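Worksheet: one structure, shown below.
The values are calculated or read from the model by the stated rules, or taken from the named source; none is laboratory data. Worth saying up front: this structure is predicted, and the values here are computed from it rather than measured. All Cβ positions, glycine included, derive from the backbone under ideal geometry; neighbour counts span all protein chains shown.
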């Protein structure tokens, strides 16, 4: 049975992390993906500091830069970082699932080459999955990898690729088998984003600059030693990736922090809000705690095995719909102050507006609600 009580060690870790955020991250920080390059540079410096303290990948084995910490210590790190608008910047892909998947499926050389830079905060990874006609239907991807001397030549297009403009590496899916074989003809490539033949085109979006991109690949060469796992068997790895990805962000932590801060931020105006908003605020607090407990139960199960795709999809649905519920509530709470305010003194309204913008895409990223429901259904019937 899972004991939900937090250990003294995890409580001390939270205190340490909050101290680092307070000392190194300025008030009003809203993440790495802004028009100011200094924000991204700040997150890189913060990630390096965590790496030097062996706090970035605590739950990894010591030989890969971690400390062998308990899963719930790593969870506390995720919660504290997400609540503080992710001062690690664009690191979460490498930390949460690229590293663990390479650890499990990579060759010794791939582990030696890729894991230390992730643990040190030196590398940003992006994810080359979705395509214009293969988003929710990911097995329908058409990016093609053709065998050539010493490696593979890859051509195709990816879309909605987060961080592609700032990433050094890409976890790329390409078709190596027949287009009719779908899942059995896909392979995973660990791609250097500086390779010739790669073009990144930013996609303007309300999420902010640098977040979403199109990636065009024209005869991009990837050496054989950067194929992860078996050729044509990449879908087995993708299934694990999606499960790790869907539980890797503690979205409920930011919801919890913003909800708790509302009465103080509004001051006397809080008491003047309609009773209906107070009721919605209380219900949202309950739902946030439910999401946290669901996450803990799932993470406890994942200690001994890869997360079950159905469980991960259920959690993903719970936290992404929570994101939107809390965002809509808090925008009603702050009113006009949340409509694109640039007032540096109104930090809370800016946080709420940022959370609202980001939440609009949360039920699409990492699989739409409909695709997650399908995953749950397949898990229930054993398919």
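For the structure I just gave you, tell me whether residue 262 is in contact (Cβ under 8 Å) with a residue 12 or more places away in the chain and either more than 23 Å from the chain's Cα centre (by Cα) or surrounded by 15 or more Cβ atoms within 10 Å (Cβ to Cβ) (or both). Judged against the criteria, residue 262 is a match. Scanning region 207-233 for residues that are in contact (Cβ under 8 Å) with a residue 60 or more places away in the chain and more than 19 Å from residue 166 (Cβ to Cβ) turns up 218, 219, 221, 222, 223, 224, 225, 226, 227, 228, 229. Evaluate the following for residue 42: is it buried (at least 18 other Cβ atoms within 10 Å of the Cβ) and part of a loop (DSSP other than H, G, I, E, B)? So residue 42 does not fit the description; no. Residue 32: buried (at least 20 other Cβ atoms within 10 Å of the Cβ), within 23 Å of residue 204 (Cα to Cα) and either in contact with a strand residue (DSSP E or B) (Cβ under 7 Å, 6 or more places away or on another chain) or not assigned by TED's automatic domain parsing to the domain that holds residue 229 (or both), yes or no? Considered against the rule, which asks whether it is buried (at least 20 other Cβ atoms within 10 Å of the Cβ), within 23 Å of residue 204 (Cα to Cα) and either in contact with a strand residue (DSSP E or B) (Cβ under 7 Å, 6 or more places away or on another chain) or not assigned by TED's automatic domain parsing to the domain that holds residue 229 (or both), residue 32 comes out as yes. Only a single item in (1) buried (at least 18 other Cβ atoms within 10 Å of the Cβ); (2) closer than 23 Å to residue 297 by Cα is not met by residue 71, and it is number (1).
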